[in-house]
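Visitor: Please find one structure pasted underneath; my questions will follow.
The values are calculated or read from the model by the stated rules, or taken from the named source; none is laboratory data. Just so you know, these numbers come straight off a predicted model, no measurement behind them. Cβ placement follows ideal geometry from the backbone for every residue including glycine, while neighbour counts extend to all protein chains displayed.
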Amino acid sequence: MEDFDFRYLVFFDSTSSEKFNTFKNEENIKGRMAVEQALQKKKSIKSLFKELPGRQGISIAKSGKSFWSKKADNLVLPFPKVEAMAVRNLDDEQISFLSDRDVLVIPNTRIKRLTHVRRQDLKHQKPLAGAAWHIPAVLGNTKRENVGKGIRFGVIDTGANIEHPEFFGRKIINVRVRGHRIDRNEGPHADPLNHGTLVASLIAGRNVGLCPEADVAVCDVFEDEYATALDILQAISWLADNPFGDGKGIDIINLSLGIQGYDEVFRSAIKKALKFEGILFVSAIGNDHHKNGPCCSPACYSEVLSVGAYGKGNVAADFSNCGLSKMGHPEQPDLWAPGVDVYAASSDGFYDFVDGTSFSSPLAAAAAGRIIFNNPKCRRNPMSVSAFIMDNAEVCANFAGSKKMLKCPV
């Protein structure tokens, strides 16, 4: 089944749950057809998601105790962790029916990854001494090693070569997400686009990562240059649930991807994962040279920590977006982190120097992991972690947005 067999994403909230309590009385509305099969006469959306099987990434038809009928399996794909579902198709009357009950219906759109602004391919297997300037830039004299054990990151990206020496001895998994399917995807060729490996190494790499003892679950959502909104929704839901098979979810999710401008396609899922699962979301602001907005989504959401790029000498990168947001967010980005000549592990088993906000974002995510590691009471409290980061950032007048430069004293 292809992603675009599911043409719409449907998001419910507490208001829509209450309004659906009267669902069964509306016998003459054609628009209830697809949703009724999904609800199977449940009284509310809230009760629906309580009884759904918690495990994602499997065929709903194989879930055994699910109340979903075979016909409903073909119509809907549920995401209980974020109170959403993918629906194969809805006509205008059905969409109107859902919208009248405060249910958000969004087309399953294509999402483009944030590409490198520049990449210098270095054909050597051993890390260069002193090349990872981002480490002292963020940590100062703080010890990097032996930090992060038990902290869990999700990386929604292009996959990762988890056999790279940077990840030796680390707990890191890589899965391929395509709509309703989630498959393990390991080996040296798991990241042909060479993006997710770079990102993951800056979080938990042995030599270049800021949180080197952490666990990382990487979700490959990109087919060539594009993912779909459904792929990303599936990845968020899976990461929030049980990615390592021990019943525990993720602490922090990094999103070095986006849609140019203001788009609400991710916002409901992110809000639910933040509220119910206590996950902190960190996202790259984008590389479009925009100085007065719009910045890309999801970085422009108020629920997400947005990160821009700067280079050596504390000079803001000219490609890094900044400006006002229309998504309830003040001027952006929230934070600036190294994003020029960043030294990271590449998917070919070597190392690269790369430019881009894609590589600033995981440094901020890694700093958040260090904060949770050193302050366990902050776990599942993303607002506290964000506040700690912002309180310890260094003000730099050269920067736009918050003018705050990432510094991590722990």
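Visitor: Just to be sure I understand, how many residues within segment 216-231 are farther than 25 Å from Pro136 by Cβ, in contact (Cβ under 8 Å) with a residue 60 or more places away in the chain and out of contact with any Pro (no Cβ under 9 Å at 6 or more places or on another chain)?
Guide: 10
Visitor: Next question. Look through Ala309, Ala299, Ala364, Ala284 and report the one residue that is in contact with a Ser or Thr (Cβ under 6 Å, 6 or more places away or on another chain), under 17 Å from Trp133 (Cβ atoms) and touching a residue at least 24 places away in the same chain (Cβ under 8 Å).
Guide: Answer to the selection: Ala309.
Visitor: So for segment 395-410 (the condition being closer than 30 Å to Glu163 by Cα and modelled with pLDDT under 95), does at least one residue qualify?
Guide: Scanning segment 395-410, I find at least one residue that is closer than 30 Å to Glu163 by Cα and modelled with pLDDT under 95, so the answer is yes.
Visitor: Let me ask something additional. Looking for something under 21 Å from Ser360 (Cα atoms) and touching a residue at least 24 places away in the same chain (Cβ under 8 Å) - is there at least one such residue anywhere in segment 174-183?
Guide: Within segment 174-183, none of the residues are under 21 Å from Ser360 (Cα atoms) and touching a residue at least 24 places away in the same chain (Cβ under 8 Å).
Visitor: Counting only residues that are of a type in the set (A, V, I, L, M) and in a loop (DSSP other than H, G, I, E, B), which one in segment 205-217 is farthest from the chain's Cα centre (by Cα)?
Guide: Here the answer is Val208.
Visitor: Any residue in segment 260-279 that is in a strand (DSSP E or B), crowded, with 19+ Cβ neighbours inside 10 Å and touching a residue at least 24 places away in the same chain (Cβ under 8 Å)?
Guide: Taking every residue of segment 260-279 in turn, none turns out to be in a strand (DSSP E or B), crowded, with 19+ Cβ neighbours inside 10 Å and touching a residue at least 24 places away in the same chain (Cβ under 8 Å).
Visitor: Only strands (runs of 3 or more DSSP E) wholly contained in segment 123-204 count here; list those with 3 or more residues that are under 23 Å from Met390 (Cβ atoms).
Guide: 152-157
Visitor: Related question: Filter segment 137-149 down to the residues that are more than 26 Å from the chain's Cα centre (by Cα) and either surrounded by 11 or more Cβ atoms within 10 Å (Cβ to Cβ) or not polar (S, T, N, Q) (or both) and list them by number.
Guide: Within segment 137-149, Gly140, Thr142, Lys143 qualify.
Visitor: (1) modelled with pLDDT under 90; (2) surrounded by fewer than 19 Cβ atoms within 10 Å (Cβ to Cβ); (3) not small (Gly, Ala, Ser): which one isn't true of Cys295, the others all being true?
Guide: The single condition Cys295 does not satisfy is (2).
Visitor: Within segment 237-257, take every residue that is within 11 Å of the chain's Cα centre (by Cα) and within 17 Å of Ala364 (Cα to Cα) and give me the one that is surrounded by the fewest Cβ atoms within 10 Å (Cβ to Cβ).
Guide: Ile250
Visitor: So Asp220 ticks every box in (1) farther than 19 Å from Ile111 by Cβ; (2) of a type in the set (Asp, Glu); (3) crowded, with 24+ Cβ neighbours inside 10 Å but one. Which box is left unticked?
Guide: The one condition Asp220 does not meet is (1).
Visitor: Go through Ile173, Ile156 for me and flag whichever is surrounded by fewer than 20 Cβ atoms within 10 Å (Cβ to Cβ), among the aliphatic types (A, V, I, L, M) and closer than 20 Å to Asp241 by Cβ.
Guide: Ile173
Visitor: With respect to Ser347, determine if the residue is surrounded by 18 or more Cβ atoms within 10 Å (Cβ to Cβ), part of a helix (DSSP H, G or I) and not aliphatic (A, V, I, L, M).
Guide: Against the criterion (surrounded by 18 or more Cβ atoms within 10 Å (Cβ to Cβ), part of a helix (DSSP H, G or I) and not aliphatic (A, V, I, L, M)), Ser347 does not qualify.
Yes/no per residue for (1) aliphatic (A, V, I, L, M); (2) within 22 Å of the chain's Cα centre (by Cα); (3) farther than 19 Å from Ile156 by Cβ:
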| site | (1), (2), (3) |
| --- | --- |
| Val307 | yes, yes, no |
| Ala317 | yes, no, yes |
| Gln332 | no, yes, yes |
| Pro338 | no, yes, yes |
| Asp352 | no, no, yes |
| Ser358 | no, yes, no |
| Ala366 | yes, yes, no |
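Visitor: Restricting attention to segment 287-295, does a residue exist that is part of a strand (DSSP E or B), of a type outside the set (Val, Ile, Thr) and in the same structural domain as His164 (by TED's automatic domain parsing)?
Guide: No: segment 287-295 contains no residue that is part of a strand (DSSP E or B), of a type outside the set (Val, Ile, Thr) and in the same structural domain as His164 (by TED's automatic domain parsing).
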